[in-house]
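Notes follow the structure.
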Amino acid sequence: MTDVDGAISAALGSGVVTSAPVSGGDMAASFRLVLDDGRTIFAKTHSSPPLGFFTREASDLAWLTAARALPVPKVLAVSDDFPAFLALEWIEPGGRRPSTDADLGAGLASLHRAGADCFGRTDGRTTGSLALPNEPTETWAAFYAECRLLPLARIAADRNSLPTASIERIESVAGRLDELGGPVEPPARLHGDLWAGNRLVDVHGDSWLIDPASHGGHREFDLAMMRVFGGFDADAFDTYNSRFPLAVGWEARVPLHQLAPLIVHAIKFGGAYVSAVERALDKLATRGVAGV
């Protein structure tokens, strides 16, 4: 039995019978555990996690659950002390049914409508391996500039991840968000990292939200993130828009909301993501959303 198995057994009052690795994630190691009381659970661990790594994720899952909008795995146990881990109920993967993505769009509209107390997080806890700030902020423009674009520009400059000209263009966008962001909206309750790998479809065809980076933000951010790598049918977006119509001009703002996650990927992985950042900046200029 590993240290993690022992810690989970102690927390759940049941021994680990079998443990099998599960793919996915770029930071934590994940496992499917079968316990001696018959339960099957999901667990993830990290040998040296960022401060508060797993308790932050547990709080994100609880915050999403409170919206009663989309299924979210139940947290069974969590610890940031060695050996750090997060134990969740096991969701058996399955395939989509015809209404799976439409149902996701409807649920996401409800999640966003649940709202947030501020842009960012009331607890200010950071996001991800880059420790992006989430200080509570009154406006989206201030949050996206001060907690996303400008910190990412500094990290990219320090690590030589992007050309100087690109960093200057990002800083220019950050200075014009009041103009570029469209109509003012209240903070939405965001998943915060909603690419296809963080949507799990179960055996009934229901969509579950996993691996969140939750915060109060602009609802167009989640929808733009869904378009970065694909994996979601048009039904998801059409149903969302029918339930919670987007403001005029949202199409032109997609590159604006994709800019931050693309910069993150350029910093972490380089390669084609550097060009993707350039293309996003070019689209903003071409479509007249940003004169950069």
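If the requirement is being modelled with pLDDT of 95 or more and farther than 19 Å from G192 by Cα, which of these qualifies: S99, S47?
S99
Out of V72, V17, which single residue is of a type in the set (A, V, I, L, M), at pLDDT 95 or above and open to solvent by 60 Å² or more (accessible area, probe 1.4 Å)?
Answer to the check: V17.
Restricting to the range 190-211, and then to whatever is of a type in the set (V, I, T) and open to solvent by 30 Å² or more (accessible area, probe 1.4 Å), can you tell me which residue is farthest from P93 (Cα to Cα)? Break it down into steps so the answer makes sense when it comes.
Initially, the range 190-211 is screened for residues of a type in the set (V, I, T), giving 201, 203, 210.
Filter once more, so that each one left must be open to solvent by 30 Å² or more (accessible area, probe 1.4 Å): 203, 210.
Working: V203: 6, I210: 12 Å.
Filtering first and then ranking leaves I210.
Scanning for something open to solvent by less than 60 Å² (accessible area, probe 1.4 Å), closer than 30 Å to V16 by Cβ, at pLDDT below 95 and not hydroxyl-bearing (S, T, Y), does the range 127-137 turn up at least one residue?
yes
Considering only residues that are crowded, with 19+ Cβ neighbours inside 10 Å and either farther than 18 Å from R148 by Cβ or at pLDDT below 95 (or both), which ones fall in the range 275-289?
L284, V289
For the range 133-153, name all the residues that are among the aliphatic types (A, V, I, L, M) and touching a residue at least 40 places away in the same chain (Cβ under 8 Å).
Across the range 133-153, the qualifying residues are A141, L149, L152, A153.
Looking at the range 252-273, which of its residues are over 15 Å from L149 (Cβ atoms) and touching a Ser or Thr at 6+ places or on another chain (Cβ under 7 Å)?
Let us first name the residues in the range 252-273 that are over 15 Å from L149 (Cβ atoms), namely 252, 254, 268-273.
Once the filter is applied, which keeps residues that are over 15 Å from L149 (Cβ atoms) and touching a Ser or Thr at 6+ places or on another chain (Cβ under 7 Å), the range 252-273 yields only G270.
Checking S30 against (1) open to solvent by less than 20 Å² (accessible area, probe 1.4 Å); (2) assigned to a loop (DSSP other than H, G, I, E, B); (3) of a type in the set (S, T, Y), which test does it fail?
(2)
What are the residue pairs meeting all of these: first residue in the range 47-72, first residue on the phi < 0 side of the Ramachandran plot and without any contact (Cβ under 8 Å) to a residue 40 or more places away in the chain, second residue of a type in the set (D, E) and surrounded by fewer than 20 Cβ atoms within 10 Å (Cβ to Cβ), Cβ atoms under 6 Å, and 6 or more apart or on different chains?
If the second residue must be of a type in the set (D, E) and surrounded by fewer than 20 Cβ atoms within 10 Å (Cβ to Cβ), the pairs left are F54/D80; T55/D80.
For the range 212-238, which residues satisfy the criterion of being acidic (D, E) and surrounded by fewer than 21 Cβ atoms within 10 Å (Cβ to Cβ)?
D233, D235, D238
Among the listed residues T55, T122, T65, identify the single one that is open to solvent by 60 Å² or more (accessible area, probe 1.4 Å) and outside any loop (DSSP other than H, G, I, E, B).
Among T55, T122, T65, only T65 is open to solvent by 60 Å² or more (accessible area, probe 1.4 Å) and outside any loop (DSSP other than H, G, I, E, B).
Checking the conditions here, which among V292, V248 is open to solvent by 30 Å² or more (accessible area, probe 1.4 Å) and at pLDDT below 95?
Testing whether each residue is open to solvent by 30 Å² or more (accessible area, probe 1.4 Å) and at pLDDT below 95 leaves just V292.
Can you find, within the range 1-52, the residue that is nearest to the chain's Cα centre (by Cα) among those that are under 22 Å from T126 (Cβ atoms) and among the charged types (D, E, K, R)?
D26
Just to be sure I understand, how many residues within the range 84-119 are open to solvent by less than 20 Å² (accessible area, probe 1.4 Å) and touching a helix residue (DSSP H, G or I) at 6+ places or on another chain (Cβ under 6 Å)?
Looking only at that region, the number is 12.
Filter the range 155-189 down to the residues that are under 21 Å from the mean Cα position of the chain (by Cα), open to solvent by 60 Å² or more (accessible area, probe 1.4 Å) and among the charged types (D, E, K, R) and list them by number.
Selection gives nothing.
The values are calculated or read from the model by the stated rules, or taken from the named source; none is laboratory data. Here the structure is a predicted model, which means the values were calculated and not measured. Backbone-built Cβ (ideal geometry, glycine too); neighbour counts: all protein chains shown. Surface accessibility is based on the protein's heavy atoms, side chains included, excluding ligands, DNA and RNA. Shrake-Rupley method; radii C 1.70, N 1.55, O 1.52, S 1.80 Å.
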